Structure formats: C-alpha cells, structure tokens
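Novice: One structure is given below, represented as structure tokens, and several questions about it will come after.
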Amino acid sequence: MKPLSEYPCAATPKDAAKLTDQEQGDLAPQIADWQIVINSGVAQLCRVYQVGDFVQAMAFANQISVIAEEGDHHPALLVEWGRIKVSWWSHSIGGLHLNDFVMAAKTDEIYEAL
C-alpha cells in the first residue's frame with residue numbers, strides 16, 4: 001500500500017460506506033499520533049499539534065485550509081496560543097472514510113515541514 005498522503009481526496013459522496021473497524025485499524029498505523037474519538041455519536045480523527053505561538057498556529061491552520069480546499073474536504077480546527085486541534089471526519093456520511101485518513105496524513109506532512 002502506498003503512503004496515505006499520496007492518495008487523492010475529493011468530497012465524500014453521501015452514499016459512500018463508512019470504514020469498518022478493521023479498515024480503520026489497518027490504516028491507523030500510518031497516522032499513529034491521531035486518535036479516533038466519538039463526538040456527538042460521530043467517529044472523528046483528532047490530533048492536537050503543538051506550535052510556538054498563536055501566529056504559528058494560525059499559519060499552520062492556513063496551510064491546512066489550502067489542502068482542505070484542494071480536496072474539497074474540510075476539518076474542524078480549534079486554534080489557540082501554541083496549539084491547534086484538528087478533527088477530520090466525513091460530514092456527508094457521519095463517520096470515517098478513507099478521505100479522513102488521507103487528509104490526516106497530509107496534515108502530518110505539513111506539520112513535519114514547519
């Protein structure tokens with residue numbers, strides 16, 4: 001399997017299947033620092049990144065917004081002084097899809113390049 005960050009991403013169709021627990025488990029090692037959390041009954045991938053200050057957190061958020069627009073797939077972002085929380089899930093299916101794991105991997109790549 002090629003790295004998740006090399007897969008393309010596009011809006012998740014409403015009739016797409018959610019990933020099974022087995023599929024999630026198979027993909028999780030590629031994004032080891034992410035957690036699957038249940039928020040209001042919906043599985044989401046979440047990670048908190050530490051950065052130097054608020055300006056760096058905003059700059060990181062802006063870089064995430066670029067890949068989100070390119071992939072037509074948008075996360076929840078909580079920007080605070082010195083940290084940013086990123087949550088990916090497929091709103092259209094109310095859960096996790098391959099797109100979420102792809103975008104998590106792409107987000108990690110951005111962070112590693114900071």
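The values are calculated or read from the model by the stated rules, or taken from the named source; none is laboratory data. Worth saying up front: this structure is predicted, and the values here are computed from it rather than measured. Cβ atoms come from the backbone with ideal geometry, glycine included; neighbour counts cover every protein chain shown.
Novice: Quickly run through region 43-69 and pick out the residues that are surrounded by 16 or more Cβ atoms within 10 Å (Cβ to Cβ) and either in contact with a Phe, Trp or Tyr (Cβ under 8 Å, 6 or more places away or on another chain) or among the hydroxyl-bearing types (S, T, Y) (or both).
Specialist: A43, Q44, L45, C46, R47, Y49, V51, A57, F60 - these are the residues of region 43-69 that are surrounded by 16 or more Cβ atoms within 10 Å (Cβ to Cβ) and either in contact with a Phe, Trp or Tyr (Cβ under 8 Å, 6 or more places away or on another chain) or among the hydroxyl-bearing types (S, T, Y) (or both).
Novice: Now for a different question. Please find, among D15, D72, the residue that is surrounded by fewer than 18 Cβ atoms within 10 Å (Cβ to Cβ) and within 22 Å of P3 (Cβ to Cβ).
Specialist: Going through D15, D72 in turn, just one is surrounded by fewer than 18 Cβ atoms within 10 Å (Cβ to Cβ) and within 22 Å of P3 (Cβ to Cβ): D72.
Novice: Related question: I'd like to check which helices (runs of 4 or more DSSP H) are fully inside region 16-114 and have at least 2 residues that are touching a residue at least 40 places away in the same chain (Cβ under 8 Å) and in contact with a Ser or Thr (Cβ under 7 Å, 6 or more places away or on another chain).
Specialist: Passing ranges, in order: 98-113.
Novice: While we're looking at this one, here's another question. Taking the conditions exactly as written (in contact with a Ser or Thr (Cβ under 9 Å, 6 or more places away or on another chain), exposed (fewer than 14 other Cβ atoms within 10 Å of the Cβ) and assigned to a loop (DSSP other than H, G, I, E, B)), does P8 satisfy them or not?
Specialist: no
Novice: Here is a further query. From (1) modelled with pLDDT of 95 or more; (2) in contact with a Gly (Cβ under 8 Å, 6 or more places away or on another chain), pick out the condition that doesn't hold for I93.
Specialist: (2)
Novice: Condition check: charged (D, E, K, R), modelled with pLDDT of 95 or more and under 19 Å from P8 (Cα atoms). Does D100 satisfy that?
Specialist: Yes, satisfied.
Novice: For Q24, indicate whether it is touching a strand residue (DSSP E or B) at 6+ places or on another chain (Cβ under 7 Å), over 20 Å from H74 (Cβ atoms), surrounded by 13 or more Cβ atoms within 10 Å (Cβ to Cβ) and modelled with pLDDT of 95 or more.
Specialist: Criteria met by Q24.
Novice: A follow-up question, please. Out of V37, V55, V48, report the one residue that is of a type outside the set (G, A, S) and under 14 Å from D100 (Cβ atoms).
Specialist: Among V37, V55, V48, only V37 is of a type outside the set (G, A, S) and under 14 Å from D100 (Cβ atoms).
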